[in-house]
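Report on the structure given below.
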Amino acid sequence: MKIGIIGTGHVGCACAMAAAIRGSAREIMLVNRERKTAEAVATDIRYGVPLGRQVDIVDGDYEALTGAGIVLITAGVNEKTGGATDRSDPQGRLRLLDANAKIYREIVPRVVAAAPKAVLLVVADPPDPLADVARLTCPQAAVLSTGTYLDSQRFRVHLGKHFGVDPAHVEAQVIGDHGTAQVFLWSSARIGGVPLAYLLKQRGEKLNDLRQSIEKDVRYANITIIEGNDASQYGIGIVSARIAEMVLTDEHAVVPIGSFQEKFGVTLSLPSVVGRNGVVRVLEPELSEEEHTGLEKSAKFLQTALARVRQQ
């Protein structure tokens, strides 16, 4: 099993580190515009590999991606450099789309030429429209976006903190776009199978108060992290390594992840079965009226962004 990672900036390094520690694949291939950087990262991580699972982490050119089952594309302008850290800006990560679409149009054909059977996982921001750029550039490729998988983990963590429980036992999802129009599925959120509304009633708390606080924390988590550490990298690194495992082992795990949704004409996140060829099928959740409206709004937001970049 082989993972390819394009880009060894903050996020690419975090993906490589997470995949090495987790033993996500037998081989991890790092590709970077400056190969010397990829070589240094691979060497650094390699020195710690004997303490964990057996993994070969190496550097190479695009041709070295041959045989990869999944390729994580992390290259691109990041949020801080691209000026996408203003909480009052409704465009959010979409500020990076024009610059990163240009980069993707150059990278994706080279990846597909070397590893035509690999699933492409778009990690760079904004991942959903960039996944569409990748899909339109190479229609034969299977393309995923990390989408709202990380947002859903953040949602679970904040709910776990509020209720004083292990987030692993919190069932909560975010769908739609990985951005300001994302949709929180409060109606189906559970802790140990118990609906949040029931738990809040027992505690004498109001859903709207909790909702306002947690949605703000989750929606702008990346900016809070960047303000303290320049880059939001470790969470997405772990999430990306986990997605790689789902693909490489044909796991058929069900997670909120981005893939092209014909119904909406764009890539966005819905609960999906993930296996060797990417998304096997989508499980459309039962939504409240408000959540359904929010998903439609999220889709239109992405449609507008894609239409703009398609004209370039």
request  = Please enumerate the residues belonging to the stretch 290-312 that are among the polar types (S, T, N, Q), closer than 25 Å to K102 by Cβ and free of Cβ contacts under 8 Å to residues at least 40 places away in the same chain.
outcome  = Q303, T304, Q311
query = So which residues in the stretch 67-99 are within 15 Å of D125 (Cα to Cα) and among the aliphatic types (A, V, I, L, M)?
reply = L72, I73, A75, V77, A84, L94, L96, L97, A99
inquiry  = Among the numbered criteria (1) more than 18 Å from the chain's Cα centre (by Cα); (2) surrounded by 15 or more Cβ atoms within 10 Å (Cβ to Cβ), which one does G92 miss?
reply    = (1)
remark   = Reported set for the stretch 82-116 where residues are part of a helix (DSSP H, G or I) and under 22 Å from D217 (Cα atoms) is G82, G92, R93, L94, R95, L96
query = What about T249, is it modelled with pLDDT of 95 or more and of a type in the set (S, T, Y)?
reply = yes
ask   = Can you tell me which residues in the stretch 195-214 are exposed (fewer than 13 other Cβ atoms within 10 Å of the Cβ), under 28 Å from the mean Cα position of the chain (by Cα) and either within 14 Å of G164 (Cβ to Cβ) or among the small types (G, A, S) (or both)?
value = S213
request  = From L120, L94, grab the single residue that is of a type in the set (A, V, I, L, M) and out of contact with any strand residue (DSSP E or B) (no Cβ under 6 Å at 6 or more places or on another chain).
outcome  = L94
query = Residues in the stretch 273-293: is at least one part of a helix (DSSP H, G or I) and either of a type in the set (K, R) or in the same structural domain as P129 (by TED's automatic domain parsing) (or both)?
reply = no
query = Any idea how many residues of the stretch 268-312 are modelled with pLDDT under 95, of a type in the set (G, A, S) and loosely packed, with under 13 Cβ neighbours inside 10 Å?
reply = 1
ask   = Scanning the stretch 147-162 for residues that are of a type in the set (A, V, I, L, M, F, W, C) and under 18 Å from the mean Cα position of the chain (by Cα), which turns out farthest from S272 (Cα to Cα)?
value = V157
task = Tally the residues that are basic (K, R) and assigned to a helix (DSSP H, G or I), restricting the search to the stretch 23-63.
result = 3
ask   = Residues in the stretch 121-162 that are surrounded by fewer than 23 Cβ atoms within 10 Å (Cβ to Cβ), in contact (Cβ under 8 Å) with a residue 60 or more places away in the chain and not assigned by TED's automatic domain parsing to the domain that holds N277: how many?
value = 3
request  = Tell me which residues, restricted to the stretch 64-81, are within 18 Å of the chain's Cα centre (by Cα) and either among the aromatic types (F, W, Y) or outside any helix (DSSP H, G or I) (or both).
outcome  = G69, I70, V71, L72, I73, T74, A75, G76, V77, N78
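The values are calculated or read from the model by the stated rules, or taken from the named source; none is laboratory data. Fair warning: this is a prediction, and the values are worked out from it, not measured in the lab. With ideal geometry, Cβ positions are generated from the backbone for all residues, glycine too; neighbour counts draw on all protein chains shown.
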